[in-house]
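Quick notes on the structure that follows.
The values are calculated or read from the model by the stated rules, or taken from the named source; none is laboratory data. Worth saying up front: this structure is predicted, and the values here are computed from it rather than measured. As a convention, Cβ positions derive from the backbone with ideal geometry for all residues, glycine included, and neighbour counts pool all protein chains shown. When the accessible area is computed, the model is the full protein with side chains, heavy atoms only, and any ligands, DNA or RNA have been set aside. Shrake-Rupley method; radii C 1.70, N 1.55, O 1.52, S 1.80 Å.
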Amino acid sequence: MKNLLGNSVKELENLAINYGQAPFRGRQIYKWIYNYRNKNKNIDQIEVLPLDFRKKLKDDGFKVSELSFQDKNLANDGTLKLLLSTGDHESIECVGIPTEKRLTACLSSQVGCPMDCKFCATGKEGLKRSLKVSEILDQILFIENEMNRKVTNIVFMGMGEPLLNIDDLLLSIRSINEDLQISQRKITVSTVAIPKMIKKLSLKSFEILGNCQFTLAISLHASNQKTREMIIPSAKNYDIKNIIEDCKQFIRDTGRRVSFEYLMLTGVNDKLEHANELSNLLKGFQCHVNLIQYNQIDEVDFKRSSLKNLQLFQSRLSNNGITVSFRKSRGLDKNAACGQLRQNAGNK
Ligand code: SF4
């Protein structure tokens, strides 16, 4: 199925020309998709287009939406988790996280995930496939429609490893930026880190976007290689010191600060000796550490660190000269928090 969503204004103008229409018809489709963000996602609804043009587009299999609504869950803190179906009957989840000034969309980049991080519900189900640009963008439009406000920030922290879907990731960032008018600086790409892919990310960003202004967040979760391999089995292919070196190169290449996500797990990585080790690892490095409270899932034994341990850890990093903050989990009561997204509807 061909989709009009994800196309640039130029591409839609060319499409109109190919159908014997004036280029402004392409601009009308563009406006309808990106400016009006209509809830009724149907080519018939683009009433400014001549009927026969609409019919031809439909006959040729064009659509303006990719996903369909399956279920939603609203957490006590206003966080909304959406379960959406793809055209081939797979399910994905995405989350809208509101504050007074922002609406952050946490997007999935794959159906499932092959990385099998031990703390994560998504990884338990393996990878089905990567998502297309239109499927990534449609998650944003669904969140906006359900929450009745515009998305202001994007985090690729939902299901999947974004760097394993790098072309569609970057093409969707192009569209989020140019078509949905969300600045690249308000977009965060989170990765568990794959060998050679950090370099490739900056190279491909310059190729596809002309620059690289989004934030790169590395799911580090450990202060040494051994602990990291215990939490993230795929880490055995990529030494933690090499990750740090590649991140330093990313900063030299792009001028963008890197942030490190650090999930606090009782007795595993949350002692003061780990804080010191992490400080040494990141010493002299322009970066930011984000401490995250672990969100319990049924299948694993990890326990969330106490608030006291978290505060001690945070102070130690700060005293060691590391910029650090603590990210509170949102949407916990509806399993909409970090590491809790799944493909099946039964886990609410
Ligand atoms: S944490 Fe991210 S990379 Fe790891 S299994 Fe879950 S979705 Fe995949």
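Considered as a group, the residues in the stretch 5-47 that are in contact (Cβ under 8 Å) with a residue 40 or more places away in the chain and of a type in the set (S, T, Y) include one that is farthest from N148 (Cα to Cα), and that residue is S8. Just one of (1) away from the ligand (no atom under 14 Å from the Cβ); (2) modelled with pLDDT under 95 fails for L263. It is (1). For R54, the requirement of being open to solvent by 70 Å² or more (accessible area, probe 1.4 Å) and outside any loop (DSSP other than H, G, I, E, B) is not met. Of all residue pairs spaced 6 or more apart or on separate chains, those with beta-carbon atoms under 8 Å, a first member in the stretch 148-162 that is over 19 Å from K81 (Cβ atoms) and a second member that is open to solvent by 20 Å² or more (accessible area, probe 1.4 Å) and within 16 Å of the ligand (Cβ to nearest atom) are E161/P114; E161/M115; E161/I194.
Against the test of being more than 15 Å from the ligand (Cβ to nearest atom), closer than 25 Å to E245 by Cα, open to solvent by less than 20 Å² (accessible area, probe 1.4 Å) and touching a helix residue (DSSP H, G or I) at 6+ places or on another chain (Cβ under 9 Å), the options C212, C117 yield a single qualifying residue, C212.
Yes/no per residue for (1) in contact (Cβ under 8 Å) with a residue 40 or more places away in the chain; (2) in contact with a Leu (Cβ under 9 Å, 6 or more places away or on another chain):
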{"position": "F62", "(1), (2)": "yes, yes"}
{"position": "F69", "(1), (2)": "yes, yes"}
{"position": "I92", "(1), (2)": "yes, yes"}
{"position": "E100", "(1), (2)": "no, no"}
{"position": "L103", "(1), (2)": "yes, no"}
{"position": "Q110", "(1), (2)": "yes, yes"}
{"position": "K124", "(1), (2)": "yes, no"}
{"position": "E135", "(1), (2)": "yes, yes"}
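Looking at I143, is it crowded, with 23+ Cβ neighbours inside 10 Å and either within 23 Å of N237 (Cα to Cα) or within 16 Å of the ligand (Cβ to nearest atom) (or both)?
Numbers: crowded, with 23+ Cβ neighbours inside 10 Å: yes; either within 23 Å of N237 (Cα to Cα) or within 16 Å of the ligand (Cβ to nearest atom) (or both): no.
No; evaluated as a whole, the condition is false for this residue.
Would you mention how many residues in the stretch 166-191 are in contact (Cβ under 8 Å) with a residue 40 or more places away in the chain, open to solvent by less than 10 Å² (accessible area, probe 1.4 Å) and under 26 Å from Y262 (Cβ atoms)? So the count comes out to 2.
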